[in-house]
Structures are given as structure tokens and as C-alpha cells.
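Please read the structure below before turning to the comments.
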Amino acid sequence: MILKDELARFKRNQRPFAVLMMDIDYFKTLNDSYGHIAGDEVIAAVAKILSQSIRSVDYAARYGGDEFIIIMVETTADMALKMAERIRSQVNDMRYSANGQIVSVTVSIGVVQCQQSDDATPTAVFARADSALYEAKRAGRNRAHYAT
């Protein structure tokens, strides 16, 4: 609903917005190695970083098991990529305790700026962001990738 509203606003007044799709690298391995409670704690810690990183006008939500979506209103690709890198760095710098062991976690982030020609529907925007996320993973993870 939020993305649908933002897309309508974009079509009406041409103000840019960006979507970041993010997931925790090797999350299944973390769950398998340390248990689901540790996995849930990591998700909560990453969510806290997101909520502290975005502006009050932006939106962040858990999208799936270990995936998050961030909608950044009135934001260009450059601004969104800087935010993605800041989030990526903060997650990378955190250390998490799992079953008495210290675990480091990384994230991969796909970044897109809404485009008049490509993004007629929320599904199209999500598909481009998802594709950018998978490019970040293919490029080695622990990175943000911008898709034109």
C-alpha cells in the first residue's frame, strides 16, 4: 500500500523515490549453526539499525524471513546508495552473541530509483529492486548494488 501510494505520488509530481531491498547474507547457515532464537535476535538487531538509520518520512518493513524493504521518499539514487552503504557498514560493524560465540553478520542490498518508463506498478519496482539485490549477492555479498 505504501509503495502504491508513493508510485502514484511520483506519477503525479515527478519527485524521485527509491526502494532498497535487503537481506541478511547466509542467514540459513546462521539459523542452522546457532538456532532460530539466535536468528531472530539477529533479525531484531538489523531491524533496529534500519529504524535508527532512516528518516521519519521513510518506511522500513520486514519483507520475508530475512529480507527487508525500505522506501525512501523524495530520494535520488545517489542518496539511496549512500544510505544503503551506511546501513551495510553498520550491520557489518556489529557483533552478535549466539550461543556464547561472537558472530558477525553482513547484508546485501539492492537499490533502485523509481523510473517513469519501467515502474508502472509496485510489482515492477519490487522486481527491479529484487534483481538489484541478487546482483549484489552475485558480486560477492556484503555490498549494495544500484540497478539503473
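Looking at region 103-114, I want the residues that are free of Cβ contacts under 8 Å to residues at least 24 places away in the same chain and of a type in the set (Ser, Thr, Tyr) and have a partner that is buried (at least 24 other Cβ atoms within 10 Å of the Cβ) and part of a strand (DSSP E or B) with Cβ atoms under 9 Å, at least 6 apart or on another chain. Which pairs are those?
Listed pairs, sorted by first residue: none to list.
Working only within region 112-123, note down all residues that are surrounded by 15 or more Cβ atoms within 10 Å (Cβ to Cβ) and not in a loop (DSSP other than H, G, I, E, B).
Of everything in region 112-123, those that are surrounded by 15 or more Cβ atoms within 10 Å (Cβ to Cβ) and not in a loop (DSSP other than H, G, I, E, B) turn out to be Val112, Gln113, Pro122.
What is the number of the single condition among (1) surrounded by 17 or more Cβ atoms within 10 Å (Cβ to Cβ); (2) in a strand (DSSP E or B); (3) in contact (Cβ under 8 Å) with a residue 24 or more places away in the chain; (4) not aromatic (Phe, Trp, Tyr) that Arg88 does not meet?
Exception for Arg88: condition (2).
Which residues, taken from region 95-123, are in contact with a helix residue (DSSP H, G or I) (Cβ under 9 Å, 6 or more places away or on another chain), at pLDDT below 80 and not aliphatic (A, V, I, L, M)?
Asn99, Gln115, Gln116, Asp118, Asp119
Does Ile37 satisfy being within 19 Å of Ser131 (Cβ to Cβ) and among the β-branched types (Val, Ile, Thr)?
Values: within 19 Å of Ser131 (Cβ to Cβ): no; among the β-branched types (Val, Ile, Thr): yes.
No.
Can you find a residue in region 61-78 that is in contact with a Leu (Cβ under 9 Å, 6 or more places away or on another chain), in a helix (DSSP H, G or I), touching a residue at least 40 places away in the same chain (Cβ under 8 Å) and crowded, with 17+ Cβ neighbours inside 10 Å?
No; the residues of region 61-78 include none that is in contact with a Leu (Cβ under 9 Å, 6 or more places away or on another chain), in a helix (DSSP H, G or I), touching a residue at least 40 places away in the same chain (Cβ under 8 Å) and crowded, with 17+ Cβ neighbours inside 10 Å.
In region 11-43, how many residues are in contact (Cβ under 8 Å) with a residue 40 or more places away in the chain, part of a helix (DSSP H, G or I) and buried (at least 20 other Cβ atoms within 10 Å of the Cβ)?
Summing the residues that are in contact (Cβ under 8 Å) with a residue 40 or more places away in the chain, part of a helix (DSSP H, G or I) and buried (at least 20 other Cβ atoms within 10 Å of the Cβ) in region 11-43 gives 2.
The values are calculated or read from the model by the stated rules, or taken from the named source; none is laboratory data. Note that the structure is a prediction, hence the values are computed from the model and not measured. Neighbour counts run over all protein chains shown; Cβ positions are idealised from the backbone, glycine included.
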